[in-house]
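Enquirer: My questions will all concern the structure given below.
The values are calculated or read from the model by the stated rules, or taken from the named source; none is laboratory data. None of these values were measured; they are calculated from a predicted model. With ideal geometry, Cβ positions are generated from the backbone for all residues, glycine too; neighbour counts draw on all protein chains shown. When the accessible area is computed, the model is the full protein with side chains, heavy atoms only, and any ligands, DNA or RNA have been set aside. Shrake-Rupley method; radii C 1.70, N 1.55, O 1.52, S 1.80 Å.
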Number of protein chains: 2
Amino acid sequence: MATGGVRKRVLIVGGGFAGLKAAEALKDADVSITLVDRRNHHTFQPLLYQVALAVLSPNEIAQPIRAILRAPNTQVLMDEVVGFDVAAQRATLKSGVVLEYDYLILATGSTHSYFGREDWAKLAPGLKTIEDAVEIRRRVLLAFELAEGEMQETGRHPALNFVVIGGGPTGVELAGAISDIAKLYIRRDFKHIDPAKAQVVILEGSPHILGAYPEDLQKKAVEQLAALGVRVRTNTRVTDVQPGYVMVGDERIDAVVTIWAAGVKASPLGALLGVPLDKRGCVIVDGQLHPEGHPEIFVCGDLAAATSEGKPVPGVAQPAMQMGDYAGRSIALEVRGEQMKKPFIYADKGDMATIGRSAAVANVKWPFKGHLSGFPAWLTWLVVHIFFLIGFRNRFSVFRNWAYTYAFFEEGSRLIVGDQNLPGWDTQDDPEGHLTTRPISQS
Amino acid sequence: MATGGVRKRVLIVGGGFAGLKAAEALKDADVSITLVDRRNHHTFQPLLYQVALAVLSPNEIAQPIRAILRAPNTQVLMDEVVGFDVAAQRATLKSGVVLEYDYLILATGSTHSYFGREDWAKLAPGLKTIEDAVEIRRRVLLAFELAEGEMQETGRHPALNFVVIGGGPTGVELAGAISDIAKLYIRRDFKHIDPAKAQVVILEGSPHILGAYPEDLQKKAVEQLAALGVRVRTNTRVTDVQPGYVMVGDERIDAVVTIWAAGVKASPLGALLGVPLDKRGCVIVDGQLHPEGHPEIFVCGDLAAATSEGKPVPGVAQPAMQMGDYAGRSIALEVRGEQMKKPFIYADKGDMATIGRSAAVANVKWPFKGHLSGFPAWLTWLVVHIFFLIGFRNRFSVFRNWAYTYAFFEEGSRLIVGDQNLPGWDTQDDPEGHLTTRPISQS
């Protein structure tokens, strides 16, 4: 490639959907790209709950960023940004490396928010990373194991109540999948307990689950969840999370496993820019995705408080990809001496969420407009997710696993790794933290 | 099944090769079987090094024990034996459950031995469990990531020396696989370092690697390792393991990652029986696999100090399976009022070890006798391991992964999970233990 002078340096922070799409849009541009991420892998977050619930294994939905971005003009660094000097156009990394940039694309997404109760994090893990998914899988599967052991010892076991806090898409998908595991997939595995008696409940603070969906689909979702035996309690705000139970005001709800799907907050890297943030900590950007006064900076994905045609852009995968692509194309134009003329417009193709094995709701906006639910919605979900998975190998492998699980009612990835403790089961007499089976949430 | 009186209770401790084979041999017998294991999964240990080196993912070589043992007369408990009362024929579990048995099959295998230097365990992990494999993978892949970052900061990086302590089959297989990763699979991933410059060295205390193999195959193995660039140092006893290096007497050998493949010791459960042990802690058993004075107890697999036709039975997968099967069949005969007449005889089909991608050594004893090396040995290894893997799904999946890796020089499971530290890289200025890239083993 002919270079006129010194190549412009583009720094992309974050290897999620936005960061990858930005790098892809710039792969033939006359720039030098550095992508920095704390992890060595990109995670396909829409399928993370399937890792948590033992259908898929981590390597099927995550791939090394280096393996995805192989363009000659792109380098990948596994490191972490600890500070920006936006006046000097520099970022400092944890390792001490200082990177200068001509363009910065910041796309570090969001993380769990426990609304100031960070002590709940250990008791009610959320679902953002591969490690989170493996931890949730460990807890859910372990609950059945511990109950089976407890039956041997005492002839009874604590109720297998699984509590999902938050009724957004992640909460709904997790709840449906836990119900499937208990009722379909591990049914034949136990001799003393009946996994099908497990109860899954979604506790949602607002009046409706799937708040971003139209009302008719919210209703369909509740119906489909009910058909799976999942209880939905709306207007229900959790006031405390304890080992073995949660509190809703004065009411105590037993929980052998509690999962957090209630809130997210912006990545703390937005605040390092020193530009205006909204109350969630997201960086307020203009129509070109720039924070005020910084045409050389783009903020994309969940971290951006962006609007499209007057409406706020939601923090999900699709707009993140589109923003990353927009930022990349804008830079590609500028280094050729041209100018991106159009502001960022979110082409909303719709939203969908699965509800267990073969049901879903889909609010389709493109290529046609319509509300789907049940099996048609689920099929649509399946095709779209296979299509967007990165890498042929993963697509094939995920499809095979889904087909197998669907046909044989058996999941592919039911390993419990890590220790054998569950919050709420007695570990006092066990300083080493191995398997114990006496619940303290009962008796 | 018609039951004459009260069913005999068989307690199997350990879900490895021996325990599973014992349960399988008893699946149609008129007995009630309880299998206890600390983990929920069986691990196919011969392929564990391929998880450690990113070719396979954990769920391809491990499977829930419950999913394997579905016979109506068999129950599985995820728990841990903490004591035996052999006079009363009772075992106490960690959870407090007490299990009475008519027959006990103890098959809890072996664990790493650091020869009294347990402080080395964190610096030089061994390879026995899925967790071990994921930890070794994390360290090996992280070493390249940290070196890439270090190049950015200082323009140099510590030598990528990988030290494998121990030249048995596991050490040889790990060393060959690390060399493959560096030289073939991740070559294209880095812009600043040349992974192919990585050095792998095997430090073996005795005069020969692969001590159990005939001399000509030992030589072939050294040649094939040399062709991969792996150095083999025999008569080399490690005297200290430190972050970033190991000591052999006065000589210091830099090691960005150190792996322990030097010694195993018997599972501590053998000692709980109160019967004679050999100096490795293995339970001394007679020709019927019983410890002295206990015809109701069988000890199988690595934990047994057994002899077959006057020769000690080696602690590998094949004899473990055969012992488990023998114990199971013996009990099945006894409950029918018959008697196992033959002592246990180990039908040795030979041994093999792979040396990287497409080489191996095989000491074949059945169905023909012969020494294979190079590609024919590797092909034999491949067919045998696919055959013995449990479950069609795993067989298919592993085969597909191998074919893909072989054809496209790209591995399937290169995720780094867990934290971003490596012993020997400076973490002093980083109390949270995130990524740092300043090596303390240099300068």
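Enquirer: Are any residues in segment A:44-60 more than 9 Å from chain B (Cβ to nearest Cβ) and either over 21 Å from residue A:407 (Cα atoms) or touching a strand residue (DSSP E or B) at 6+ places or on another chain (Cβ under 6 Å) (or both), and if so, which ones?
Expert: Once the filter is applied, which keeps residues that are more than 9 Å from chain B (Cβ to nearest Cβ) and either over 21 Å from residue A:407 (Cα atoms) or touching a strand residue (DSSP E or B) at 6+ places or on another chain (Cβ under 6 Å) (or both), segment A:44-60 yields A:44, A:45, A:46, A:48.
Enquirer: How many residues are within 11 Å of chain A (Cβ to nearest Cβ) and either under 17 Å from residue B:123 (Cα atoms) or open to solvent by 10 Å² or more (accessible area, probe 1.4 Å) (or both) if we restrict to segment B:136-145? Can you show your working first?
Expert: At the first step, the residues of segment B:136-145 found to be within 11 Å of chain A (Cβ to nearest Cβ) are B:137-138, B:141-142, B:144-145.
Remaining after also requiring either under 17 Å from residue B:123 (Cα atoms) or open to solvent by 10 Å² or more (accessible area, probe 1.4 Å) (or both): B:137-138, B:141-142, B:145.
So the answer is 5.
Enquirer: One residue is enough: does segment A:328-346 have a residue meeting the conditions touching a strand residue (DSSP E or B) at 6+ places or on another chain (Cβ under 8 Å), assigned to a helix (DSSP H, G or I) and farther than 21 Å from residue A:31 by Cβ?
Expert: no
Enquirer: Additional query: Of everything in segment A:146-180, what is in a helix (DSSP H, G or I) and away from chain B (no Cβ under 11 Å)? Give them in sequence order.
Expert: Within segment A:146-180, A:169, A:170, A:171, A:172, A:173, A:174, A:175, A:176, A:177, A:178, A:179, A:180 meet the criteria.
Enquirer: Go through segment B:89-136 residue by residue and tally those that are among the aliphatic types (A, V, I, L, M) and within 19 Å of residue B:331 (Cα to Cα).
Expert: Counting residues in segment B:89-136 that are among the aliphatic types (A, V, I, L, M) and within 19 Å of residue B:331 (Cα to Cα) gives 6.
Enquirer: Scan segment A:152-172 for residues that are of a type outside the set (Ser, Thr, Tyr) and open to solvent by 20 Å² or more (accessible area, probe 1.4 Å) and jot them down.
Expert: A:152, A:153, A:155, A:156, A:157, A:159, A:161, A:168, A:169
Enquirer: Here's another thing I want to ask about it. Looking at residue B:82, is it open to solvent by 30 Å² or more (accessible area, probe 1.4 Å), at the interface with another protein chain (Cβ under 10 Å from one of its Cβ atoms) and either closer than 20 Å to residue A:55 by Cα or modelled with pLDDT of 95 or more (or both)?
Expert: Taking the combined requirement at face value, the residue satisfies it.
Enquirer: Is it the case that some residue within segment B:365-377 is touching a residue at least 40 places away in the same chain (Cβ under 8 Å) and either among the basic types (Lys, Arg) or under 30 Å from residue B:100 (Cβ atoms) (or both)? Give the derivation first.
Expert: Quick first cut of segment B:365-377, residues touching a residue at least 40 places away in the same chain (Cβ under 8 Å) only: B:371, B:373-374.
Okay, now just the ones that are also either among the basic types (Lys, Arg) or under 30 Å from residue B:100 (Cβ atoms) (or both), so none.
Looking for residues that are touching a residue at least 40 places away in the same chain (Cβ under 8 Å) and either among the basic types (Lys, Arg) or under 30 Å from residue B:100 (Cβ atoms) (or both), one finds none in segment B:365-377, hence no.
Enquirer: Hey, another quick one. Residue check, residue A:131 against (1) within 14 Å of another protein chain (Cβ to nearest Cβ); (2) touching a strand residue (DSSP E or B) at 6+ places or on another chain (Cβ under 6 Å), all met but one. Which one?
Expert: Only one criterion in (1) within 14 Å of another protein chain (Cβ to nearest Cβ); (2) touching a strand residue (DSSP E or B) at 6+ places or on another chain (Cβ under 6 Å) is unmet by residue A:131, namely (2).
Enquirer: Residues being open to solvent by less than 40 Å² (accessible area, probe 1.4 Å) and more than 14 Å from every other protein chain (Cβ to nearest Cβ): count how many of those fall in segment B:183-194.
Expert: Residues flagged as open to solvent by less than 40 Å² (accessible area, probe 1.4 Å) and more than 14 Å from every other protein chain (Cβ to nearest Cβ) within segment B:183-194 amount to 0.
Enquirer: Report yes if residue B:92 is hydroxyl-bearing (Ser, Thr, Tyr), within 30 Å of residue B:423 (Cβ to Cβ), touching a Gly at 6+ places or on another chain (Cβ under 6 Å) and in the same structural domain as residue B:320 (by TED's automatic domain parsing), otherwise no.
Expert: no
Enquirer: Condition check: on the phi < 0 side of the Ramachandran plot and away from chain A (no Cβ under 14 Å). Does residue B:380 satisfy that?
Expert: Yes; evaluated as a whole, the condition is true for this residue.
Enquirer: Tell me yes or no: at least one residue of segment A:314-325 is open to solvent by 20 Å² or more (accessible area, probe 1.4 Å), of a type in the set (Asp, Glu) and either without any contact (Cβ under 8 Å) to a residue 60 or more places away in the chain or closer than 23 Å to residue A:94 by Cα (or both).
Expert: Looking through segment A:314-325, none of the residues is open to solvent by 20 Å² or more (accessible area, probe 1.4 Å), of a type in the set (Asp, Glu) and either without any contact (Cβ under 8 Å) to a residue 60 or more places away in the chain or closer than 23 Å to residue A:94 by Cα (or both).
Enquirer: Check off (1) touching a strand residue (DSSP E or B) at 6+ places or on another chain (Cβ under 9 Å); (2) touching a residue at least 40 places away in the same chain (Cβ under 8 Å); (3) within 12 Å of chain A (Cβ to nearest Cβ) for residue B:20 and give me the number that stays unchecked.
Expert: (3)
Enquirer: Can you tell me which condition residue A:200 does not meet? The list is (1) of a type in the set (Val, Ile, Thr); (2) within 30 Å of residue A:291 (Cβ to Cβ); (3) assigned by TED's automatic domain parsing to the domain that holds residue A:361, and all the others hold.
Expert: (2)
Enquirer: Quick check: is even one residue across segment A:367-377 crowded, with 20+ Cβ neighbours inside 10 Å, at pLDDT 90 or above, assigned to a helix (DSSP H, G or I) and in the same structural domain as residue A:185 (by TED's automatic domain parsing)?
Expert: Start the filter on segment A:367-377 by keeping residues that are crowded, with 20+ Cβ neighbours inside 10 Å, which leaves A:372-373, A:377.
When the remaining residues are screened for being at pLDDT 90 or above, the result is A:372-373, A:377.
This time we only want the ones that are assigned to a helix (DSSP H, G or I), so: A:377.
Imposing the further condition that a residue be in the same structural domain as residue A:185 (by TED's automatic domain parsing) reduces the set to A:377.
Yes, segment A:367-377 has at least one match.
Enquirer: I would also like to ask the following. I need the full set of residues from segment A:85-114 which are away from every other protein chain (no Cβ under 14 Å), at positive phi and open to solvent by 20 Å² or more (accessible area, probe 1.4 Å), in order please.
Expert: A:89 - this is the single residue of segment A:85-114 that is away from every other protein chain (no Cβ under 14 Å), at positive phi and open to solvent by 20 Å² or more (accessible area, probe 1.4 Å).
Enquirer: Something else about it: I'm checking my understanding of the structure. Among residues of segment A:392-443 that are of a type in the set (A, V, I, L, M) and modelled with pLDDT of 70 or more, which one is surrounded by the fewest Cβ atoms within 10 Å (Cβ to Cβ)?
Expert: Going through segment A:392-443, the residues of a type in the set (A, V, I, L, M) turn out to be A:398, A:403, A:407, A:415-417, A:422, A:435, A:440.
When the remaining residues are screened for being modelled with pLDDT of 70 or more, the result is A:398, A:403, A:407, A:415-417, A:422.
Numbers: A:398: 23, A:403: 10, A:407: 8, A:415: 23, A:416: 21, A:417: 19, A:422: 22.
Result: A:407.
Enquirer: Now a separate question. Is it fair to say residue A:197 is more than 14 Å from chain B (Cβ to nearest Cβ), among the basic types (Lys, Arg), open to solvent by 30 Å² or more (accessible area, probe 1.4 Å) and within 30 Å of residue B:66 (Cβ to Cβ)?
Expert: Values: more than 14 Å from chain B (Cβ to nearest Cβ): yes; among the basic types (Lys, Arg): yes; open to solvent by 30 Å² or more (accessible area, probe 1.4 Å): yes; within 30 Å of residue B:66 (Cβ to Cβ): yes.
Criteria met by residue A:197.
Enquirer: Additional query: With respect to residue B:149, determine if the residue is under 15 Å from the mean Cα position of the chain (by Cα) and open to solvent by less than 10 Å² (accessible area, probe 1.4 Å).
Expert: Working: under 15 Å from the mean Cα position of the chain (by Cα): no; open to solvent by less than 10 Å² (accessible area, probe 1.4 Å): yes.
No, not satisfied.
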